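Right, one structure below, let's go through it.
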Amino acid sequence: MKIWIGLLFILLTGHIQAQLIFRNDFGPLDIQPLFPESNGIFTLPNEPAANRLQWLLAQLAVDQTSLAEINAQFSANWLSQISAIDTQNFIQSIRDGYPQAQITDLVALSPMEAFVFITGDTGNTGFIRLQALYSANQGINFLQVQGRDDVVQFPEDNNLSLSEAITKFTTLAPDTGVLVAYINDDNQCQVIDSHNPNQLLATGSLFKPWVLGGLAEAIDQGTLLPEQNVEFVASERVFNNTLVNLEPFGTQFKLADLATLMLGNSDNTATDLVHETVGRSVIDDYIDISGVDDNDVLKPILSVNEQFHLFFSFPLATANDYVNGSESNQLNFINNQIVPLGPVSSFPFTNDSLLTAGSWRASPIDICNNMATLRQYEAGSDAMQVVDRAYGAQAAQFRIRPNWDRVWYKGGSLVSGTTGYHVLTHAWLLEDNGRWPIVVVGMTNDSGGGIDTDSGIFKVQSVLARILELVTQGL
């Protein structure tokens, strides 16, 4: 039998805050970390990027890396640009700077990319960013190692209270929404502090957890399998740079791996492959049960290519007619006007106003409710394993994952080539066996763009880092 004891102290301020949020659990542990540690060593999955990362770390503990090993571990593309000898020298420089280095913070890990914070036995700290191909020899295709500390806050944000941090966040764009909430034992989001928690805002790629939900439902119902192969086909390729696009057409991806690339790397081609495999109607059915306040806002759920067609392929008046049309008219437009165009390959129009007014939208509380829904799949089930691996692939910032048993993250952005960021969003679920799950959502929209003016994108990161720090401390 489990005994849950929760205590919530409400402070009488202009905001509802909490001196919370500890839950004493006298039963078995519910959550197993996605990347468990043993004696300070992370246990990593058998995936291309993880395997190459472990090889690289092993090289930092030996005297030299042979040219034969380099030829075996790196892709032909890498070696065509950086010779095996130059690569050998590069690895030696890493070895000199970070001898016997170990991972101290696993920020992000997908099947094709790793981003980790390392510390050498001399105390030197830095990060490794590594990409590996999915097919061929699964060789390292990109490697960056850079010395730095793990500070992500500007000094002026270091001592902000929760209410002060939220107030500052509201100044970073004309339209903002912020939510700090916990998920209670009835799987309901309970607001701790917020600003505009129910306001619909453009999400950017933060719509992708609803695609993940459709996949989880299909797996839970037995119509799709995590291990089944999905072929990379030209009809689902999205024009922008993605990891999946490094692979040749015909590459067979495991469906679960595509889900992790979709969430962990925000890979748009992976997203459209999952969207097509699951099917719009299945994802739309999931939206109906995901806890959104108005399920018609996200339905019919557009793929990335379909959304980009509204931005680039139609006159603004035509695109606005779609945005303002009924669901049946939208489905008709998708099937008869968008789908026949195939992937976006030209850009006759630039409908920047639609980045905020005509793209995927949700409120901070919608995002929290969706997280609460996704964490209800049975522990250990195929559906839950896919959700946890995909949503847990990315932490987005340093010093988050080491403090929690479960970290889920997804962010999003929409950017104009001329006016900068119109949409920048972030959302975390943070969960421990001894606390209620905490959700932090920060959303910024600017119809005129420019969220990144004067390093605004880093200001957003800094304020959210302070909020996350307060949450970790127990507020």
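The values are calculated or read from the model by the stated rules, or taken from the named source; none is laboratory data. Computed from a predicted model, the values in this text were never measured in an experiment. FYI the Cβ positions are ideal-geometry reconstructions off the backbone, even for glycines, and counts take in every protein chain you see.
Does region 11-32 contain at least one residue that is at pLDDT 90 or above and in contact with a Ser or Thr (Cβ under 7 Å, 6 or more places away or on another chain)? Checked against the condition, which is being at pLDDT 90 or above and in contact with a Ser or Thr (Cβ under 7 Å, 6 or more places away or on another chain), region 11-32 yields no hits at all. Look at (1) modelled with pLDDT under 95; (2) in contact with a Lys or Arg (Cβ under 7 Å, 6 or more places away or on another chain); (3) of a type in the set (Gly, Ala, Ser) and you find that Gly392 fails only one, number (1). Scanning region 150-171 for residues that are assigned to a loop (DSSP other than H, G, I, E, B) and either within 20 Å of Val471 (Cβ to Cβ) or not assigned by TED's automatic domain parsing to the domain that holds Arg399 (or both) yields Asp150, Val151, Val152, Gln153, Phe154, Asn158, Asn159, Leu160, Ser161, Thr170. The criterion of being of a type in the set (D, E, K, R), modelled with pLDDT of 95 or more and buried (at least 18 other Cβ atoms within 10 Å of the Cβ) holds for Glu217. The requirement of being outside the structural domain of Arg435 (by TED's automatic domain parsing) and surrounded by 15 or more Cβ atoms within 10 Å (Cβ to Cβ) is not satisfied by Ser93. Being closer than 30 Å to Pro248 by Cα, basic (Lys, Arg) and without any contact (Cβ under 8 Å) to a residue 60 or more places away in the chain is a property that holds for Arg129. Of everything in region 301-336, what is of a type in the set (Phe, Trp, Tyr), assigned to a helix (DSSP H, G or I), over 20 Å from Ala270 (Cβ atoms) and out of contact with any Leu (no Cβ under 7 Å at 6 or more places or on another chain)? Give them in sequence order. Correct list: Phe312, Phe333. Among the residues of region 136-153, which ones are of a type outside the set (A, V, I, L, M, F, W, C) and either modelled with pLDDT under 95 or buried (at least 18 other Cβ atoms within 10 Å of the Cβ) (or both)? Hits for region 136-153 are Asn137, Gln138, Gly139, Asn141, Gln146, Gly147, Arg148, Asp149, Asp150, Gln153.
Evaluation of Ser66 against the conditions (1) surrounded by 12 or more Cβ atoms within 10 Å (Cβ to Cβ); (2) within 28 Å of the chain's Cα centre (by Cα) shows that the sole unmet condition is (2). Right, Phe232: over 26 Å from Asp288 (Cα atoms), buried (at least 21 other Cβ atoms within 10 Å of the Cβ), aromatic (Phe, Trp, Tyr) and in contact with a Gly (Cβ under 8 Å, 6 or more places away or on another chain) or not? Spelling it out, Phe232 is indeed over 26 Å from Asp288 (Cα atoms), buried (at least 21 other Cβ atoms within 10 Å of the Cβ), aromatic (Phe, Trp, Tyr) and in contact with a Gly (Cβ under 8 Å, 6 or more places away or on another chain).
Please tell me if Ala317 is aliphatic (A, V, I, L, M) and free of Cβ contacts under 8 Å to residues at least 24 places away in the same chain. Considered against the rule, which asks whether it is aliphatic (A, V, I, L, M) and free of Cβ contacts under 8 Å to residues at least 24 places away in the same chain, Ala317 comes out as yes.
Report, by residue number, each residue of region 122-134 that is touching a helix residue (DSSP H, G or I) at 6+ places or on another chain (Cβ under 9 Å) and of a type in the set (S, T, N, Q). Break it down stepwise before answering.
Going through region 122-134, the residues touching a helix residue (DSSP H, G or I) at 6+ places or on another chain (Cβ under 9 Å) turn out to be 122, 124, 126, 128, 130-134.
Within region 122-134, Thr122, Asn124, Gln131 qualify.
All told, Ala132 falls short of being in the same structural domain as Gly456 (by TED's automatic domain parsing), surrounded by 23 or more Cβ atoms within 10 Å (Cβ to Cβ) and small (Gly, Ala, Ser).
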